[in-house]
Structures are given as structure tokens and as C-alpha cells.
Amino acid sequence: MVTATRQQELGDFLRSRRERLRPKTALAPSGRRRRTPGLRREEVAELAGIGVDWYIRLEQGRSVTPSSTTIDALARALRLNKAEHQHLRALASSGGQRPFEPETAPPSLLHLLKNLRQPAYVTGRRRDLVAWNEAADAIFGFNELRGEERNILIAVLTLRRSRNLFGPGWADEAQRMVAQFRA
């Protein structure tokens, strides 16, 4: 799925390319006076052979996913060069997201964890638990966690055990962790 940011970038890119086209070179003269530069949305949709409402939603960054054929038609209608065409294709595709790959801790860090007496754990970019020592497991029960529970944020926010461990300070700790995650 294309993200909201990506949809907005796609819309902004289409709008910028539509506005730079001169109607005299892209179309037969209509004789109507123009208040804004470039082609009208209706004209781009007609040149690309797609619905006007659909093109408007696409340019406004709404949740629509154009097919490869539509991308090619838009590239022709907007007279994009090869680099712009590739950029349009990249913005419209969901291929920009890399598949999830579980993270691992380097052996040196695992060795350090093993030798620490204090509870310690390591998280990845998404706050997934990557490694922990026995002291941390004794307190938090990390070995019992499965699937998405092995994410420190999810564990702290959703598991009753976490609420019990933090006691009255749970809300403050949860708020701190969410703020740190957002930063």
C-alpha cells in the first residue's frame, strides 16, 4: 500500500508537471482564458484517457493506486522525460517499502548482555526485542512473549504484567516510551 506521505508526494509531482505544460503545445487552442498556469485537470485526464474524478483524487493525494498502464498514460499526457517517468512510477508504487527483516544483535553485544547482572535488553529500529539477559527475563518474562508481543512498546502498552511491574508509574512510563518512539 502506498503511504499517505507518498500519495501526497505523488499528487504534488503530478500537479507540478501539469502546471508547467503550456496549453498551446499540449492541446489544440480552446480560446478560453486561463486563470492558472498549465493544463486543467480535465485536460490531463482526457489526454491520459482516464476519468476526471479519478485523476483529481490522485492529484489530491487521496487513496487511489494507479495501474502501470495509467502511469504510462499520465507520463505521455504530461510529456515526462525518462527520469520523470521513472520517478512517477516510484511514487505510485508500493515497492518503496522494504520487506520486514528481523534484526539481530551482534555477537559482541550478546556477550555483554550475558555477563551483565543488571536487567538489560536490546531493541531494533521498530522497538522489537532483539536480545535480553536472564535478569531482564526474570523481571519482564521476555521468553514467554510471542509474535508482536516481542515489541517493547506493545508489551508495555498492552500487557497486564507490564502495568503490574510499573505500578502507579505505568502511565508515565508508557507516555515516555511513546514520546521517545515518535521522536
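The values are calculated or read from the model by the stated rules, or taken from the named source; none is laboratory data. Nothing here was measured: the structure is a model prediction, and the numbers come from that model. Glycine also receives a Cβ, built like all others from the backbone with ideal geometry; neighbour counts cover every protein chain displayed.
Among the helices (runs of 4 or more DSSP H) lying completely within region 108-183, list those that include at least 3 residues that are hydrophobic (A, V, I, L, M, F, W, C). Write out each step before concluding.
Numbers: elements: 134-140, 152-158, 160-166, 170-182.
Filter on region 108-183 gives 134-140, 152-158, 170-182.
Here is a list of conditions, (1) at pLDDT 90 or above; (2) outside any loop (DSSP other than H, G, I, E, B), and ALA105 meets all of them except one; can you say which number that is?
For ALA105, the failing item is (2).
Suppose the filter is on the phi < 0 side of the Ramachandran plot, surrounded by 13 or more Cβ atoms within 10 Å (Cβ to Cβ) and either modelled with pLDDT of 95 or more or in a loop (DSSP other than H, G, I, E, B) (or both); does LEU88 pass it?
no
Checking the condition touching a Ser or Thr at 6+ places or on another chain (Cβ under 7 Å) and at pLDDT 90 or above, which residue from ILE56, ILE71, ILE50 passes?
ILE50
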